[in-house]
Amino acid sequence: MSSLEKRSELVVALISLIALVVIAVSGLLLAEDGHRQEEPCSYSRQDHGYCGIYLLLAKEFPRSVARNHQRLNRVFIGKPALLITTRTEWTDRELEAARSWMERGGVLVMLNPPESEQGEEIGERRAEVNTAWRGFADLPRLELPASVRWEPADIYYPLYRSSSGTEIGVKPVGRGRCVVFSDSAMLTNGQLRRYPEAGAVLVKILALYRNDARKRILWDESKPVSALDVEGKPGGKPEPILLLWYGLVDQLILVAVVYSVSRARRLGPPVELPQAEVFTLEDYMNSLASFYRKTGSRQVVLEELYQDVRRRLIRATGCGASADDHQLAEAYGRIHGADPSALAATLQATAQAITGSEPGEKDFFALGRALDAYRKELDKYGESC
């Protein structure tokens, strides 16, 4: 592996490690940010959530309680129901639609008064039930947490009062009702664990105004219009540190993509694969001869030729493998009418060159040519290895 390839692999590994760290930290930041910015809702089991009161209503009114995620305007054009909401921001259009819906028999329970009706902060207090209300005289007093004073812009009949004024008020609207709580905090999980009486009050109110068993009870989980952007999606501005971090993540992803593209194979016309080189027997022999020449293995080559000629002679004469060079030459001369002395001399000289000192180049080529000539002569008689 070249040094350039090693450096490339090191860069890829480093970018991968940085990306993993960035993803992990981003996940932690997002989780922390989501936890920090979580709005109270009926899904939340935290102290400021409303999961407890929602489950209580679902138990008291089986198969009648559901969550609403639609825009409120869509709810207000539907059938009358009992709608519970913690929203404080209302548009004029929503308020007008709510009024028309209540006039047709809908019941709107606002756990927080509108922002326009919220006054100064007040501390913890007790609220007593208005005994003039039939069906509510047996309800206990309420322990209320610190909140803001409710300053109604309209006339509400007080159901619960405290030293600070009306805490729960009711206003008839046509065939329906509008019920307003001074602060939804009295119905949060944390407050209900300490003072569960507020839950019983809400159940009593819903049971009183639910004059039709088929009327549904909806817990509003929709977002106010001001909390949505122009596309109807959750808006809001993230914190500067998160913007900086997200920008860094984007830059790292861009660098990783550019680097990966630069190192990847390019798209283009097909390229023919190189053809495998075919070697012939002649090429093999030439390579072997070159190897022997470079390594000085003359005796090895002579021995191969010598043994090859002996094998051919044994087959041509019918002699045994134990016959010496002189006997093979004599037998070959008798059968084929050749001069045995020259063949015997060549065989004996080759045997001495193999077992003795390394032959010189002149002797090596002379013996090699002679042995090769005998091989070819034996081939004429149809004898081959």
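The values are calculated or read from the model by the stated rules, or taken from the named source; none is laboratory data. Predicted, not measured: the structure shown is a model, and the values here were computed from it. Heads up, the Cβs are rebuilt from the backbone with ideal geometry, glycines too, and the neighbour counts pull from every protein chain shown.
Go through the stretch 348-364 and count every residue that is in a helix (DSSP H, G or I) and hydroxyl-bearing (Ser, Thr, Tyr).
Here is the first cut: in the stretch 348-364, the ones in a helix (DSSP H, G or I) are 348-355, 361-364.
Now narrow it down to the ones that are hydroxyl-bearing (Ser, Thr, Tyr): 350, 355.
Summing the residues that are in a helix (DSSP H, G or I) and hydroxyl-bearing (Ser, Thr, Tyr) in the stretch 348-364 gives 2.
Kindly indicate whether LEU202 is out of contact with any Cys (no Cβ under 7 Å at 6 or more places or on another chain), modelled with pLDDT of 90 or more, aliphatic (A, V, I, L, M) and within 22 Å of ASP138 (Cα to Cα).
yes
I need a count of the residues in the stretch 362-376 that are in contact (Cβ under 8 Å) with a residue 24 or more places away in the chain and either loosely packed, with under 15 Cβ neighbours inside 10 Å or closer than 18 Å to ALA316 by Cβ (or both).
Count: 5.
Please go through the stretch 55-92 and pick out each residue that is under 16 Å from ASN112 (Cα atoms) and among the aromatic types (Phe, Trp, Tyr).
If the condition is that a residue be under 16 Å from ASN112 (Cα atoms) and among the aromatic types (Phe, Trp, Tyr), then TRP90 is the only one that fits.
Would you mind telling me which numbered condition in (1) farther than 24 Å from ARG210 by Cβ; (2) assigned to a helix (DSSP H, G or I); (3) not hydroxyl-bearing (Ser, Thr, Tyr) VAL148 fails?
(2)
Consider the stretch 105-126. How many of its residues are aliphatic (A, V, I, L, M) and surrounded by fewer than 21 Cβ atoms within 10 Å (Cβ to Cβ)?
Summing the residues that are aliphatic (A, V, I, L, M) and surrounded by fewer than 21 Cβ atoms within 10 Å (Cβ to Cβ) in the stretch 105-126 gives 1.
Conditions tested, residue by residue: (1) at pLDDT 80 or above; (2) of a type in the set (Val, Ile, Thr); (3) in a helix (DSSP H, G or I).
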residue: GLN299; (1), (2), (3): no, no, yes
residue: LEU302; (1), (2), (3): no, no, yes
residue: VAL309; (1), (2), (3): yes, yes, yes
residue: ARG315; (1), (2), (3): yes, no, yes
residue: GLN327; (1), (2), (3): yes, no, yes
residue: ARG334; (1), (2), (3): yes, no, yes
residue: SER341; (1), (2), (3): yes, no, yes
residue: THR346; (1), (2), (3): yes, yes, yes
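Identify the residue in the stretch 105-125 that is within 45 Å of the chain's Cα centre (by Cα) and not in a helix (DSSP H, G or I) and, among all such residues, is nearest to PHE76 (Cα to Cα).
LEU108
Is it fair to say LYS223 is under 25 Å from GLY78 (Cα atoms), at pLDDT 60 or above and among the basic types (Lys, Arg)?
yes
Does the stretch 157-183 hold any residues that are in contact with a Ser or Thr (Cβ under 6 Å, 6 or more places away or on another chain) and not in a strand (DSSP E or B), and which are they?
ASP183
This table checks each residue for (1) of a type in the set (S, T, N, Q); (2) under 51 Å from the mean Cα position of the chain (by Cα); (3) surrounded by fewer than 16 Cβ atoms within 10 Å (Cβ to Cβ); (4) in the same structural domain as ILE84 (by TED's automatic domain parsing).
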site	(1), (2), (3), (4)
ARG141	no, no, yes, yes
LEU144	no, yes, no, yes
VAL148	no, yes, no, yes
ILE155	no, no, yes, yes
PRO158	no, no, no, yes
VAL173	no, no, no, yes
CYS178	no, yes, no, yes
SER182	yes, yes, no, yes
